[in-house]
Amino acid sequence: MSNIPLLKERESQIFRKGKEPFNMTCGKQSLAGSVSQRACVFCGSRVVLYPIADALHLIHGPIGCAAYTWDIRGALSSGPELHRMSFSTDLREKDVIFGGEKKLYHALIDLISQYAPKAAFVYSTCIVGIIGDDVGAVCKAVGEKTGIPVLPVHSEGFKGTKKDGYKAACNAMFSLIGKGDVSGISAKSINILGEFNIGGEAWMIKSYYQKMGIEVVSVMTGDGRVDDIRRSHGASLNVVQCSGSMTHLAEKMKEVFGIPYIRVSYFGLEDTSKALYDVAAYFADDPQIMESTKEIVRNEIQAVAAELQQIKKRVQGKRAAIYVGGAFKAFSLIKALRYLGIKVVLAGSQTGLQADYKILKEMCDEDTIILDDANSLELSKYVLEKKADLFIGGVKERPIAFKLGIGFCDHNHERKIPLAGYLGMLNFAREVYQTISSPVWQFTPKYLSSSRIGEGSMVVR
Amino acid sequence: MKSMIEQRSAKEYTATKNACKLCAPLGASLVFKGIEGAIPLLHGSQGCSTYIRRYLISHFKEPVDIACSNFAEETAIFGGGMNLKIALQNIHQQYDPSLVGIATTCLSETIGDDVPMFLREYAEQHRNEKTAPLVHVSTPSYQGTHMQGFHNAVLATVKSVTTTGNFSNIGHVNIFPGMVSPADLRYLKEILTDFQIPYMMLPDYSKTLDGSIWSEYQLIPEGGTTVEMIRCSGNAAGSLEFGRILSREKQSAGKWLREKFHVDCHHLGLPIGINETDRFFQVLEILSGRPTPDKYREERGRLIDSYVDGHKHMIAAKVALYGEEDLVVGMAAFFSEIGIQPVLCASGDHSGYLKEEIARLFPSDLDQSIRVMDNADFMDIESAVQDIKPDLIVGNSKGFAMARRLGIPMVRIGFPIHDRVDASRKLHLGYRGTQQLFDRIANKLIEYRQASSTVGYTYM
């Protein structure tokens, strides 16, 4: 048992399965000074809209927010790559005093004439409202002048959590929907929501649906295109992955355009197959779709099963810690890891809801630690206590794993390898195996001692 | 509104496209990471600390804990005092720090938070508890770049921690190296140790951000300048401060210590190349009263020998150079010794001194064959590079996309290096660092010529 100190105020966001009652606090602003792994509202908006490749993304504020989000994600485009540019109004002191509207206006006009985007997203960062900029009015004026949709994204960092940023992004996107021509769209058609085409994942998933005989009207937002989004209300069904970010949009589309939605995940064989079957079942009036789906699932699983079994033999019995953005991904990861015979001993998310944590609790084994909005000390503490062999998370969690001497698998948007779908599961298994089985661990302590912490000599001074 | 905004020409208000700079709180965080047992605390939104952590982690490949006061909507309305105090309390509880470095952000600066007052109140409220020294630095991201944040944090730390008192006079020197790599910091310490000069180097993240594998858990990674040593900086025998640009700024830690404590300050350029490194070693000889140890004389000798051996590979090579102004000036000084033409010297900083400093190194070439750009972004740099068609690009990782598009070979230096594994171990300073730079640059030029030749020479 490690003696890394925890904060009392954080106790209600840490749960150990078996210790009833279960009453997980979540969805609240991170505790000041806790060193949360979360980012901010702006981050939430930026990640959702980022892959829209033919839109201009202009970040209104001082330089930091744009500099830190320049071309850092593995979201691929099959065509334009405007999303990989970082544009900022780069507000300076005089702008803070006199306002940034003029700068924003001219920056937009200049960028739109230079890059001819299909739409522009203007992200408000922390100080924009405080210095009194009316971003909505500037966007409207530029939209009228240029003839393209110029959409404000209300993503001031402090106005809520990352989840509010998702919502702001969904609201901005929603204002595009309903504007395009829907003629010619098949009755057997879907939108893929919450798939960001990391390493080409959306292309794989799209190809499954196409083989099933289903038209994909738009992917929001992987390899995204403004015109596709504009006509996405012509689809019959919304298929939502990464539900934490995109359910809001699906709800709005249901309400306004009457498009139903289902929640799916493409991580792991089980969930990928279930996603395809669920979509096929929705179009049950065409039995051919289900037939094709069965064949696709059979073929795809057959293509990867043998190697997965080989890997399973080598990794089974290992213990994993997972800490991800949305809880829905954690569900899939638990299943995918179980398939490989790996036990999850810690599961946490930045933005899970009460209902998500209930499901997580049901899924997890006894004594598993469940964390909401954790920090690096909590993650370290429980990784040590539970003697995990593997950590699955993002860039910020990587050094935690490595310093503690355990393997790591990046499952965040910065990665370059597709982990979704059947091939993605194979990639995932390979990566898990590669990191766990690396010979480098022979030189690191098996399980790091944290005993000195309890003796009050935490830092060698 | 519309008529008003249409008055100005669009040129005056273009966006920054792919910035060649970062924001001030990043520089400040880096400084605080170089103090033993210290935790940086950003007073602003949660994203500020998380983005900066991710950016630093991707470069240093080490844990980087940066706390935040996590503004909420009501914080921005009623002020951040309460949040800052909660953050300080939680940091003390979790980390038991030896110092907390509080850097403001654009948000807390814009709403006008009186951070010094909050800190006085906190100290008052906790006067019966063990409280770490609290250093406050003002780093709104709308002012300057990460470099300014860095230097301001060094100054703020020295100002706030240095005390007058009867310290045993150990004859130490203060060294303010600027934003250099952990390998550079280690090498500087080695040099000072070999000269038998006791030192206070601020910051020193050579271990905290380039540590070894742990055998036990470290709440705050070990290493860094001790608060105790910083406290004595007013008692030093002298200060060394690197950076030709910094030396021209009104304020710096070295200047403050000279004014306040009469500590003599030696302003030097970043010691890259023979000439700047010679100046550094001359100062060390004076301060220590010892000759340069043979080890360094030999390093210098080998470096000059390699200059001679390799000069034909370098001569007339055109290089596009970018990065922080002081790094650009330091590299340009080195290039001036080996016949490389830095045809483009660009920086996202904008001190106003860059052009003069480059002109000093290349008095006859400026404007004709050397283009100097400050306040530049990567689109400015790329269009200049496209125009100039240099043989080589030298700078941080963020120029890779440009180098790839234009098919120009690239040597990575400085910060950030997000696409290689050895960012922390890259050496730039002194005879040894220059040797590494010389070898890397010469080899890159040779490699490119070799690869683009149709003959396939194995003997160059």
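The values are calculated or read from the model by the stated rules, or taken from the named source; none is laboratory data. In this text, all values refer to a predicted model and were calculated from it rather than measured experimentally. Backbone-built Cβ (ideal geometry, glycine too); neighbour counts: all protein chains shown.
Yes/no per residue for (1) under 20 Å from A:ILE148 (Cβ atoms); (2) not in a helix (DSSP H, G or I):
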site	(1), (2)
A:VAL216	no, yes
A:ILE229	yes, no
A:ASN238	no, yes
A:GLY244	no, no
A:THR247	no, no
A:GLU251	no, no
A:LYS254	no, no
A:TYR266	no, yes
Test: residue in the stretch A:421-430 that is touching a Gly at 6+ places or on another chain (Cβ under 7 Å) and under 26 Å from B:TRP214 (Cα atoms): no
If we only count strands (runs of 3 or more DSSP E) wholly inside the stretch B:150-265, which ones have 3 or more residues that are touching a Phe, Trp or Tyr at 6+ places or on another chain (Cβ under 9 Å) and not aromatic (Phe, Trp, Tyr)? B:173-176, B:238-242
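Here is a yes/no grid of residues against (1) touching a residue at least 40 places away in the same chain (Cβ under 8 Å); (2) crowded, with 19+ Cβ neighbours inside 10 Å:
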{"position": "A:SER175", "(1), (2)": "no, no"}
{"position": "A:ASP181", "(1), (2)": "yes, no"}
{"position": "A:GLY194", "(1), (2)": "yes, yes"}
{"position": "A:GLN210", "(1), (2)": "no, no"}
Within the stretch A:48-102, track down each residue that is polar (S, T, N, Q), over 19 Å from A:MET173 (Cβ atoms) and within 9 Å of chain B (Cβ to nearest Cβ). A:SER86, A:SER88, A:THR89
Being within 19 Å of the chain's Cα centre (by Cα), modelled with pLDDT of 95 or more and over 24 Å from B:GLY149 (Cβ atoms) narrows it down to one residue among B:GLY273, B:GLY254; which is it? B:GLY273
Can you pull out the residues in the stretch B:90-100 that are out of contact with any Lys or Arg (no Cβ under 7 Å at 6 or more places or on another chain) and either facing chain A (nearest Cβ under 7 Å) or among the basic types (Lys, Arg) (or both)? B:ASN90, B:ILE91, B:GLN93, B:GLN94, B:ASP96
Expected output for the stretch B:111-136 (first residue assigned by TED's automatic domain parsing to the domain that holds B:LEU88, partner assigned to a loop (DSSP other than H, G, I, E, B) and not hydroxyl-bearing (Ser, Thr, Tyr), Cβ below 6 Å, 6+ apart or cross-chain) is B:ASP113/B:GLY79; B:ASP113/B:GLY80; B:ALA132/B:PRO97
Does A:TYR123 satisfy the criteria of being in contact with a Ser or Thr (Cβ under 7 Å, 6 or more places away or on another chain) and part of a helix (DSSP H, G or I)? no
Considering residues of the stretch A:27-47 that are among the small types (Gly, Ala, Ser) and closer than 23 Å to A:PHE196 by Cα only, the residue nearest to the other protein chains (Cβ to nearest Cβ): A:ALA39
For the stretch A:127-139, how many residues are under 15 Å from A:TYR105 (Cα atoms) and either buried (at least 17 other Cβ atoms within 10 Å of the Cβ) or within 10 Å of another protein chain (Cβ to nearest Cβ) (or both)? 7
Return the residues of the stretch B:327-365 that are of a type in the set (S, T, N, Q) and free of Cβ contacts under 8 Å to residues at least 24 places away in the same chain; say none if nothing qualifies. B:SER364
I need the helices (runs of 4 or more DSSP H) fully contained in the stretch B:37-113, keeping only those with at least 2 residues that are at pLDDT 95 or above. B:46-60, B:81-95, B:106-110
Would you say A:ASN375 is buried (at least 20 other Cβ atoms within 10 Å of the Cβ) and over 19 Å from A:LYS329 (Cβ atoms)? yes
Of the residues A:LYS294, A:LYS252, A:LYS312, A:LYS318, which is within 19 Å of A:TYR209 (Cα to Cα), surrounded by fewer than 22 Cβ atoms within 10 Å (Cβ to Cβ) and out of contact with any Pro (no Cβ under 9 Å at 6 or more places or on another chain)? A:LYS294
Tally, over the stretch A:135-170, of residues that are more than 30 Å from A:LYS28 (Cβ to Cβ), out of contact with any Ser or Thr (no Cβ under 9 Å at 6 or more places or on another chain) and free of Cβ contacts under 8 Å to residues at least 40 places away in the same chain: 11
Log entry, pairs with first residue in the stretch B:53-79 being in the same structural domain as B:VAL115 (by TED's automatic domain parsing), second being of a type in the set (Asp, Glu) and assigned to a loop (DSSP other than H, G, I, E, B), beta carbons closer than 8 Å, six or more apart or on different chains, reads B:ARG53/B:ASP65; B:PHE60/B:ASP210; B:GLU62/B:ASP210; B:GLY79/B:ASP113
Quick one: in the stretch A:392-405, which of the residues that are over 19 Å from A:GLN442 (Cβ atoms) and not basic (Lys, Arg) is farthest from the other protein chains (Cβ to nearest Cβ)? A:ILE392
Go through (1) touching a Ser or Thr at 6+ places or on another chain (Cβ under 9 Å); (2) within 30 Å of A:TRP203 (Cα to Cα); (3) assigned to a loop (DSSP other than H, G, I, E, B) and name the single condition A:ALA330 misses. (3)
Name the residues in the stretch A:126-164 that are of a type in the set (Ser, Thr, Tyr) and in a loop (DSSP other than H, G, I, E, B), would you? A:SER155, A:THR161
Counting just the residues of the stretch B:119-138 that are within 28 Å of B:GLY27 (Cβ to Cβ) and among the polar types (S, T, N, Q), which one comes out surrounded by the most Cβ atoms within 10 Å (Cβ to Cβ)? B:SER138
Among residues belonging to the stretch B:130-158 that are away from chain A (no Cβ under 13 Å) and of a type outside the set (A, V, I, L, M), point out the one that is farthest from the chain's Cα centre (by Cα). B:THR131
For the stretch B:277-286, indicate whether the set of residues that are under 24 Å from B:LYS444 (Cα atoms) and touching a Lys or Arg at 6+ places or on another chain (Cβ under 8 Å) is non-empty. yes
Is at least one residue of the stretch B:373-389 surrounded by fewer than 22 Cβ atoms within 10 Å (Cβ to Cβ) and within 18 Å of the chain's Cα centre (by Cα)? yes
Going through the stretch A:244-258 in order, the residues found to be aliphatic (A, V, I, L, M), under 16 Å from A:VAL219 (Cα atoms) and either touching a residue at least 60 places away in the same chain (Cβ under 8 Å) or not assigned by TED's automatic domain parsing to the domain that holds A:HIS233 (or both) are A:MET246, A:LEU249, A:MET253
Residue check, A:LYS358 basic (Lys, Arg) and either closer than 22 Å to A:GLU201 by Cβ or at pLDDT 95 or above (or both): no
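To keep it simple, each residue is scored yes or no on (1) within 28 Å of the chain's Cα centre (by Cα); (2) surrounded by fewer than 16 Cβ atoms within 10 Å (Cβ to Cβ).
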position: B:LEU361; (1), (2): yes, no
position: B:ARG412; (1), (2): yes, no
position: B:ARG425; (1), (2): yes, yes
position: B:GLN435; (1), (2): yes, no
position: B:ILE441; (1), (2): yes, no
position: B:ILE446; (1), (2): no, yes
position: B:THR454; (1), (2): no, yes
Evaluate the stretch B:104-116: report whether one residue or more is under 29 Å from A:ASN412 (Cβ atoms), within 7 Å of another protein chain (Cβ to nearest Cβ) and in contact with a Cys (Cβ under 9 Å, 6 or more places away or on another chain). yes
